[in-house]
Amino acid sequence: MSKNPYFNALLAGLYIVFIVLLVTYGPAYVRDKPDTIFAPMAMLSLLVFSVAFMGYLFFFQPVQMYLEGQKREAVGLFTKTLGAFAVITAIALTIAFVI
């Protein structure tokens with residue numbers, strides 16, 4: 001998406017927060033409705049969309065850079081993005097287990 005690995009990792013984290021909020025508070029609006037085939041279809045569609053979105057955030061720019069011959073910069077961008085996301089994940093896990 002961008003060449004700023006911290007921005008890409010932050011967007012990935014914010015996307016996850018949005019999805020968690022949707023999954024946590026969304027069922028309150030459909031509590032009285034019967035289960036249908038559409039719930040599993042929606043969850044599978046969400047999974048596919050999430051994989052595509054995360055792939056775009058993590059891989060698109062590095063692959064473009066790699067194909068343009070900027071191999072070292074591409075690997076650096078991907079590694080920094082992944083590392084920044086690992087820090088965000090570690091913070092989230094620490095908060096989850098401490099609180």
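The values are calculated or read from the model by the stated rules, or taken from the named source; none is laboratory data. Just so it is clear, the model here is predicted, and its values are computed rather than measured. A quick note on method: Cβ atoms are made from the backbone with ideal geometry, for glycine too, and the neighbour counts reach across all protein chains shown. Only protein heavy atoms, including side chains, enter the accessible area calculation; ligands, DNA and RNA are left aside. Shrake-Rupley method; radii C 1.70, N 1.55, O 1.52, S 1.80 Å.
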Putting +1 on Lys and Arg Cβ atoms and -1 on Asp and Glu Cβ atoms, find which of Ile91, Phe18, Tyr6 reaches farthest to the positive end of the dipole of the chain. Tyr6
Short version: ³J(HN,Hα) in whole Hz for each residue of the stretch 70-78, in order, from phi by Karplus 6.51 cos²θ - 1.76 cosθ + 1.60 (θ = phi - 60°), x for Gly and Pro, what are they? 8, 5, 5, 5, 5, 5, x, 4, 5
Taking trypsin sites (Lys or Arg not before Pro) as exposed when in a DSSP loop with at most 16 other Cβ atoms inside 10 Å, the chain has its longest clean stretch at 32-99
Where nothing but the Cβ of Lys and Arg (+1) and of Asp and Glu (-1) is charged, how large is the charge dipole of the chain around its Cα centre, in debye to the nearest 20? 200
Cα long-axis angle, helix 38-55 against the chain (0 to 90 degrees, to the nearest 10): 10
Fraction of accessible area attributable to carbon and sulfur, the chain (%, probe 1.4 Å): 75
Under a point spin-label approximation (7 Å from Cα along Cα-to-Cβ), what is the Val48-Val30 distance to one decimal in nm? 1.7
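Sort the stretch 58-99 into rounded, prolate or oblate with this rule: let a ≥ b ≥ c be the square roots of the eigenvalues of the Cα gyration tensor; rounded if a/c is under 1.5, and if a/c is not under 1.5, prolate when a/b is larger than b/c, oblate otherwise.
On the way: a/c = 8.32, a/b = 4.05, b/c = 2.05.
Cα axes put the stretch 58-99 in the prolate bin.
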Over the chain, with the other protein chains present, what is the accessible area per residue in square angstrom, probe 1.4 angstrom? 77
Compactness summary of the stretch 29-94: radius of gyration and Dmax from Cα atoms, Å, are 17.9, 56
